[in-house]
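Below: the structure, in structure tokens.
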Amino acid sequence: MRKLLKGIIEFRKNLSPEFRDTFARLALAQKPDALYLTCSDSRVAVNVFASTDPGDLFVVRNVGNLVPPCGSENVSKGDVSEAAAIEFALLNLSVRDIIICGHSECGAMQAIAGRYTSVTSPNLRLWLRQGGEGAYERLYRNGAMDASLALPNQLSQVNVLEQLDHLMTYPMVRERVTEGKLSLHGWWFDIALATVNTYNPDIGRFVPINETEVERILARMQRS
């Protein structure tokens, strides 16, 4: 806590005039580029590895970067917080991109891979079952994208694809994707290597985001 408080003091001391202007403008309205849904894990710091500024991303974090699928009457089958964020991002902020970002060494994926034997909290167990059980079944049905990874990391990669499929169960997401008004992206952050990877559907696996991959992503978005 002391580090956080000292950081606030330093932020106030070192705030540049340009950044003050940025916050003054953002106080009037926000227009983020994307909805970024990732894990609550403290090591997944998108503002560090993507060099984002305030106002760039509308961020949702939860344990395991899960999106419970949509049920009847356009209502989430699980916790409605993620569904509410999706609705707000699309209807109020008009974002054109949604990113699901998983990561290596994820405690949620370790718990699911271990069949919840390490989970003593009833709420956590229910949350993981609601959003992550499909990823476990998918892994054992289709296999890993990278068999060299440890089982929880294999599951973490598959889980990103599972949550992208969950996103598509929401009519407003599905309609916008079909109309070319919205793009979905799957990312996976390798903590040990400090590498951000993106899912390449052409080869069916995650690859590092480099200059070549950026051009491919942008070209695919233009075609959609």
Could you work out, for the stretch 1-121, what percent of all Cα-Cα pairs fall into each 10 Å distance bin, beginning at 0 Å and stopping at the bin that holds the largest distance?
11, 31, 34, 19, 5, 0
Calculate how steeply helix 2-14 sits against the longest principal axis of the alpha-carbon atoms of the chain, using the helix alpha-carbon long axis, and give the answer as 0 to 90 degrees to the nearest 10.
40 degrees
Using a 1.4 Å probe over the heavy atoms of the protein chains, calculate the carbon and sulfur portion of the accessible area of the stretch 1-122 as a whole percent.
54 percent
Where in the stretch 184-202 does the label zone of T212 land, with the point 7 angstrom along Cα→C-beta and an amide N cut-off under 16 Å?
197-202
Whichever lysines have a C-alpha closer than 18 Å to that of K3, once near sequence neighbours (fewer than 8 apart) are set aside:
K13
Tell me which residues come under 5 Å, amide H to amide H, from R205 once H is placed; ignore anything under 5 positions away on its chain.
N200
Angle between the chain longest axis and helix 122-142 axis [Cα atoms, degrees, rounded to 10]
60 degrees
Counting sequence-distant residues (5 or more places) and residues on other chains, those with an amide H built under 5 Å from that of D41 are G64
What lysines could a cross-link reach from K77, if we take a straight Cα to Cα line under 26 Å and drop same-chain neighbours fewer than 8 places away?
K181
Among 50-63, 209-222, what's the highest-first ranking by average C-beta atoms within 10 angstrom per residue?
50-63, 209-222
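Would you calculate a helix-derived [θ] at 222 nm for the chain, using -39,500 (n - 2.57) for each DSSP H run of n ≥ 4 and dividing by the full residue count, to the nearest 500?
Details: 9 runs with 100 residues, N = 224.
It comes out at -13500 deg cm²/dmol, rounded to the nearest 500.
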For the chain, list log₁₀ I(q)/I(0) at each q in 0.10, 0.11, 0.14 Å⁻¹, using the Debye formula over Cα point scatterers of equal strength and ignoring solvent, two decimals each.
-0.49, -0.60, -0.95
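In Å², what does the accessible area per residue of the chain work out to with a 1.4 Å probe? Before the final figure, lay out the partial values.
Working: 12480 Å² over 224 residues.
The answer is 56 Å² per residue.
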Between the Cα axis of helix 151-167 and the main Cα principal axis of the chain, the angle (0 to 90°, nearest 10) is 70 degrees
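Taking the mean number of other Cβ atoms within 10 Å as a proxy for protection, how do you rank 68-77, 17-26 from highest to lowest?
Highest to lowest by the protection proxy: 68-77, 17-26.
Assign one of three labels to the stretch 56-153, namely rounded, prolate or oblate, based on the Cα gyration tensor with a ≥ b ≥ c the square roots of its eigenvalues; rounded applies when a/c is under 1.5, prolate when it is not and a/b is larger than b/c, and oblate otherwise. Kindly include the intermediate steps, with their values, before the conclusion.
On the way: a/c = 1.98, a/b = 1.53, b/c = 1.29.
Prolate.
The values are calculated or read from the model by the stated rules, or taken from the named source; none is laboratory data. Here the structure is a predicted model, which is why all the values come from computation and not from measurement. For neighbour counting, all protein chains shown are included, and Cβ atoms are generated from backbone atoms with ideal geometry for every residue, glycine included. Side chains are part of the model used for accessible areas, which takes the heavy atoms of the whole protein and leaves out ligands, DNA and RNA. Shrake-Rupley method; radii C 1.70, N 1.55, O 1.52, S 1.80 Å.
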